[in-house]
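Engineer: Just dropping this structure here.
The values are calculated or read from the model by the stated rules, or taken from the named source; none is laboratory data. Here the structure is a predicted model, which is why all the values come from computation and not from measurement. Because the Cβ atoms are built from the backbone with ideal geometry, glycine has one as well, and the counts that use them run over all protein chains shown. Heads up: the accessible areas ignore ligands, DNA and RNA and are worked out on the full protein's heavy atoms, side chains in. Shrake-Rupley method; radii C 1.70, N 1.55, O 1.52, S 1.80 Å.
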Amino acid sequence: EVMGPIEKLLATSGEDNRIEVGREILAEASVGVVIPFERRMQGSETIMKGVFKVLRPGVRQRVLEELTILEETAHFFEAHRERYPLENFQFLDLFREVRHRLAREIDVRAEQHHLASAVRFYGSRPDIAIPERLPFSTATVTAMTYLAGTKITDAEMKAPERCRVATQLFDALVCQPLFSRDQASLFHGDPHAGNILAIRNAETGRLRIGLVDWSLAGQLSKSDRVRSAQLIQAVFKNDMSGIRRVVMALNQGPAMEVHQRRRFRKRLVHLMRTSDFADRPLIDRSFKLLEHLALEGFVFPADLMLFGKAIFTLEGVLFDLWPQFDMD
């Protein structure tokens, strides 16, 4: 069943006599399957290695079934919220966000768009490699160049290189999207170790970082990036008024009334005094704050919250690479 969309692509694109498809599966996840191929370049004996990424058989139907269950669950919690200690938590808003994310995970064209955007976004960085979408991709199959690398946390590296690679990763996946001068900046939404490759040049020994699986990605608007920087500064200075102003600017839900502001300040002070919060890196604290407030009923831009989740995911990879790495 996995080969069906690939065979259709080969038959309709005229590539069937130039491409030899491998029969082994290179990578397999909950949604997609990656299969290798070799393509003879026109007018030469050069062989290009690539991969096809296709959705797993039946995954669309299973996602639709899960969305139905999630919708019923969200309405149940909304109707019985007095039973649970989450008070103002926005169950239906959460469901809408989950539905949107799951739909993007199975949107092949969306990932192809993300790939093209990532190639442009990181195009000036020789230390970052992105798979390039090939022109014979279809709405059901993504054909792209193959990055020959090792899972980043499994790569052989001495201590100085591990420290350098951790710094490059943080710069590429956090700092570059956050401090970009573009109107909207791209970020990888799921930077776990399996999506980050160490690509070693056999001749020079130089290591590049490969970023794969762009099915989950987001964009940060310029205004949200400015407010994120303002929030980080306010958290750094323990500036409660500054934090409140940024939170109010980011909040997409109902505005707070006077009595709610007093409760907000009380809970904020309590959170910032807990050891679990105080011991975290600065940027980690800032997004943890937004996550905590979301449980109180605040609604923040979806891509900004995904960016925070991506930072928490990347934090584990950085620790595995270089436990002493300081995100601050």
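For (1) open to solvent by 40 Å² or more (accessible area, probe 1.4 Å); (2) among the basic types (Lys, Arg); (3) in contact with a His (Cβ under 6 Å, 6 or more places away or on another chain); (4) within 23 Å of ARG164 (Cα to Cα), each residue gets a yes or a no:
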| position | (1), (2), (3), (4) |
| --- | --- |
| ALA255 | yes, no, no, no |
| PRO281 | no, no, no, yes |
| LEU290 | no, no, no, no |
| VAL299 | no, no, no, no |
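Engineer: Here's something else I'd like to know. If you check LEU231, LEU293, LEU271, which single one turns out to be over 22 Å from ASP93 (Cα atoms), in contact (Cβ under 8 Å) with a residue 40 or more places away in the chain, of a type outside the set (Val, Ile, Thr) and part of a helix (DSSP H, G or I)?
Structural biologist: The unique qualifying residue is LEU231.
Engineer: For the condition without any contact (Cβ under 8 Å) to a residue 60 or more places away in the chain, of a type in the set (Phe, Trp, Tyr) and under 21 Å from ALA255 (Cα atoms), what is the one hit in PHE319, PHE300?
Structural biologist: Values: PHE319 fails: under 21 Å from ALA255 (Cα atoms).
Among PHE319, PHE300, only PHE300 is without any contact (Cβ under 8 Å) to a residue 60 or more places away in the chain, of a type in the set (Phe, Trp, Tyr) and under 21 Å from ALA255 (Cα atoms).
Engineer: Same structure, new question: Given (1) in a helix (DSSP H, G or I); (2) of a type outside the set (D, E, K, R); (3) on the phi > 0 side of the Ramachandran plot, where does GLY205 come up short, assuming only one miss?
Structural biologist: (1)
Engineer: Anything in segment 120-160 that is in a helix (DSSP H, G or I) and surrounded by fewer than 16 Cβ atoms within 10 Å (Cβ to Cβ)? List them, or say none. Give the derivation first.
Structural biologist: First pass over segment 120-160, keeping only residues in a helix (DSSP H, G or I): 120-121, 152-154, 159-160.
Across segment 120-160, the qualifying residues are ARG120, ASP154, ALA159, PRO160.
Engineer: Condition first: under 15 Å from VAL174 (Cα atoms), open to solvent by 40 Å² or more (accessible area, probe 1.4 Å) and outside any strand (DSSP E or B). Now tell me which residues in segment 211-225 satisfy that.
Structural biologist: Once the filter is applied, which keeps residues that are under 15 Å from VAL174 (Cα atoms), open to solvent by 40 Å² or more (accessible area, probe 1.4 Å) and outside any strand (DSSP E or B), segment 211-225 yields only LYS222.
Engineer: For LEU115, indicate whether it is touching a residue at least 12 places away in the same chain (Cβ under 8 Å), open to solvent by 40 Å² or more (accessible area, probe 1.4 Å) and within 16 Å of the chain's Cα centre (by Cα).
Structural biologist: When the stated conditions are applied, LEU115 does not pass them.
Engineer: Looking at (1) within 29 Å of the chain's Cα centre (by Cα); (2) among the hydroxyl-bearing types (Ser, Thr, Tyr); (3) closer than 15 Å to SER137 by Cα, find the lone condition where SER13 falls short.
Structural biologist: Checking SER13 against (1) within 29 Å of the chain's Cα centre (by Cα); (2) among the hydroxyl-bearing types (Ser, Thr, Tyr); (3) closer than 15 Å to SER137 by Cα, the one that fails is (1).
Engineer: Here is a check on your reading of the model: is ASN238 more than 27 Å from LEU169 (Cβ to Cβ), out of contact with any helix residue (DSSP H, G or I) (no Cβ under 6 Å at 6 or more places or on another chain), modelled with pLDDT under 95 and open to solvent by less than 40 Å² (accessible area, probe 1.4 Å)?
Structural biologist: no
Engineer: Quick one: would you say ALA198 is open to solvent by less than 40 Å² (accessible area, probe 1.4 Å), part of a strand (DSSP E or B) and either in contact (Cβ under 8 Å) with a residue 12 or more places away in the chain or touching a His at 6+ places or on another chain (Cβ under 8 Å) (or both)?
Structural biologist: Yes: the conditions hold for ALA198.
Engineer: Consider ARG40 carefully, then state whether it is over 18 Å from VAL141 (Cβ atoms) and either modelled with pLDDT of 85 or more or among the hydroxyl-bearing types (Ser, Thr, Tyr) (or both).
Structural biologist: On the way: over 18 Å from VAL141 (Cβ atoms): yes; either modelled with pLDDT of 85 or more or among the hydroxyl-bearing types (Ser, Thr, Tyr) (or both): yes.
Answer is yes for this residue.
Engineer: Among the numbered criteria (1) surrounded by fewer than 21 Cβ atoms within 10 Å (Cβ to Cβ); (2) under 17 Å from the mean Cα position of the chain (by Cα); (3) not acidic (Asp, Glu), which single criterion is violated by ARG208?
Structural biologist: All conditions pass for ARG208, except number (2).
Engineer: On to the next question. Quick one: would you say PHE89 is among the aromatic types (Phe, Trp, Tyr) and either in contact with a Phe, Trp or Tyr (Cβ under 7 Å, 6 or more places away or on another chain) or farther than 30 Å from ASN251 by Cβ (or both)?
Structural biologist: no
Engineer: All but one of (1) touching a helix residue (DSSP H, G or I) at 6+ places or on another chain (Cβ under 9 Å); (2) within 13 Å of MET144 (Cα to Cα) hold for VAL31, so report the exception by its number.
Structural biologist: That leaves (2) as the condition not met.
Engineer: Let me spell it out: the conditions are (1) closer than 30 Å to GLU78 by Cβ; (2) within 18 Å of the chain's Cα centre (by Cα); (3) open to solvent by 40 Å² or more (accessible area, probe 1.4 Å), and ALA310 meets all of them except one. Which number is the exception?
Structural biologist: All conditions pass for ALA310, except number (3).
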